[in-house]
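Since the structure comes first, as structure tokens, the remarks are kept for the end.
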Amino acid sequence: MDPVTSALLRSWEWRAEVFIPLLLFGVVYTLGWRTLRAKGSRLANGWRLVSYWTGIAIIVLALLSPIETLSGQFFFMHMIQHLLLVMLAPPLLLLANPMPFLVWGLPPTLRRPVAGLLARLLRRNGPFRGYLRTATNPGIAWMLFVAFLIGWHDPGAYTATLRSELVHDLEHLSFFFTAMLYWWHAVGAAPLLHRPLSRPARIAYVIAVIPPNMFLGVVLAFAGQVIYTYYETVPRVWGIDPISDQTIGGIIMWVPGSMMYIIAVLILTARWLEGEESKPPLPFSKWATDERMIAPGLEK
């Protein structure tokens, strides 16, 4: 292995402001999971604990591993980083339904005041809950998610993230938190501030993100010139020129990126169909009418 590649692959960044909060959230979640498990709660399934820690591990991989260093050298590595932060970590964290576990993981001296504060803020007819419900409705969540996804790929904004660590961190935070807001509606995790979306509505909600994501990926993959000229100013390694790098990055966003949403749609569809199959069949007197036999679905 050549020295440059070896140095890049060994360039882990142990940033305390990233690692310590992630470790703290993981420990508190685990303590809450153990407490609820001991109480016999059905929420405390083993797969939830695995899902939560997998989500944390993916964030560590995205922000502290050589992927972070390589994102300054390669556009396609930056796209892999975004995929991890937007399409993998948030749904895994939310599938773990973290809110109750994080509350139960606090020491008793903190748990009671925190639970009381949450109860007051989120009470059914309280003003704060009303404002929060309005600001986080599914339509706004979808628009924010798509706006930040496309907006940060503007050449000026994107170049600013590569030239300033502060702007780069802001980009990651905005990607992650808008993704958490978006996937919160798709997953249906606590707190339940809105009427839960039906299965068909969740499927449509996830599908609606695929066209803008694919469009952005296709534009980047088939661009005839380098859009992000910053990558022309950095040393190239592994024999990948800037235009090939950009093409690979566009394909990653277009194909694997879109596949993440398609997989989510398939899972939601399978769970919806399972629910439909579990419903009791219509009695003979309901489905065997002349109207249903002649024009099923059109009878009055």
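The values are calculated or read from the model by the stated rules, or taken from the named source; none is laboratory data. Keep in mind the model is a prediction, meaning the values are calculated, not measured. Note: ideal-geometry Cβ built from the backbone for every residue, glycine included; neighbour counts use all protein chains shown. These area figures cover heavy atoms from the full protein model, side chains too; ligands, DNA and RNA do not enter into them. Shrake-Rupley method; radii C 1.70, N 1.55, O 1.52, S 1.80 Å.
Brief remarks follow.
- Residue match in the stretch 52-64 (condition: open to solvent by 20 Å² or more (accessible area, probe 1.4 Å), more than 30 Å from Pro235 (Cβ to Cβ) and not small (Gly, Ala, Ser)): yes
- Selection within the stretch 160-173 - farther than 19 Å from Leu64 by Cβ and surrounded by 17 or more Cβ atoms within 10 Å (Cβ to Cβ): Ala160
- Residue in the stretch 144-163 that is out of contact with any helix residue (DSSP H, G or I) (no Cβ under 9 Å at 6 or more places or on another chain) and over 19 Å from Phe19 (Cβ atoms) present: yes
- Per-region count, the stretch 68-82, residues surrounded by fewer than 19 Cβ atoms within 10 Å (Cβ to Cβ) and farther than 19 Å from Thr233 by Cα: 0
- Any pair with Cβ under 9 angstrom, 6 or more apart, that starts in the stretch 181-198 at a residue that is on the phi > 0 side of the Ramachandran plot and ends at one that is open to solvent by less than 30 Å² (accessible area, probe 1.4 Å) and hydrophobic (A, V, I, L, M, F, W, C): Gly188/Leu94
- Close pairs from the stretch 40-62: first within 13 Å of Phe101 (Cβ to Cβ) and modelled with pLDDT under 95, partner open to solvent by less than 40 Å² (accessible area, probe 1.4 Å) and of a type in the set (Phe, Trp, Tyr), Cβ under 8 Å, at least 6 apart: Leu43/Phe101; Ala44/Trp33; Ala44/Phe101
- Restricting Leu110, Leu85, Leu118 to residues that are of a type in the set (A, V, I, L, M, F, W, C) and either modelled with pLDDT of 95 or more or open to solvent by less than 50 Å² (accessible area, probe 1.4 Å) (or both) narrows the list to Leu85.
- When the stretch 239-269 is filtered for residues that are at pLDDT 90 or above and farther than 23 Å from Pro212 by Cα, the ones remaining, listed by number, are Ile240, Asp241, Pro242.
- The listed residues are Phe145, Phe222, and the only one of them that is among the hydrophobic types (A, V, I, L, M, F, W, C) and either open to solvent by 70 Å² or more (accessible area, probe 1.4 Å) or touching a Cys at 6+ places or on another chain (Cβ under 7 Å) (or both) turns out to be Phe222.
- Subset tally (residues that are β-branched (Val, Ile, Thr) and either more than 15 Å from Ala141 (Cα to Cα) or within 9 Å of the chain's Cα centre (by Cα) (or both)) for the stretch 164-188: 2
- Selection over the stretch 232-253 of residues that are more than 17 Å from Met79 (Cα to Cα) and either surrounded by 20 or more Cβ atoms within 10 Å (Cβ to Cβ) or aliphatic (A, V, I, L, M) (or both) gives a count of 2.
- For His172, the requirement of being in contact with a helix residue (DSSP H, G or I) (Cβ under 9 Å, 6 or more places away or on another chain), part of a helix (DSSP H, G or I) and without any contact (Cβ under 8 Å) to a residue 60 or more places away in the chain is not met.
- Members of the stretch 200-238 that are at pLDDT below 90 and touching a helix residue (DSSP H, G or I) at 6+ places or on another chain (Cβ under 6 Å): Val237
- Given (1) at pLDDT 95 or above; (2) part of a helix (DSSP H, G or I), number of the condition Met293 does not satisfy: (1)
- Between Ala96, Ala44, the distinction of being under 14 Å from the mean Cα position of the chain (by Cα) and either crowded, with 17+ Cβ neighbours inside 10 Å or among the acidic types (Asp, Glu) (or both) belongs to Ala96 only.
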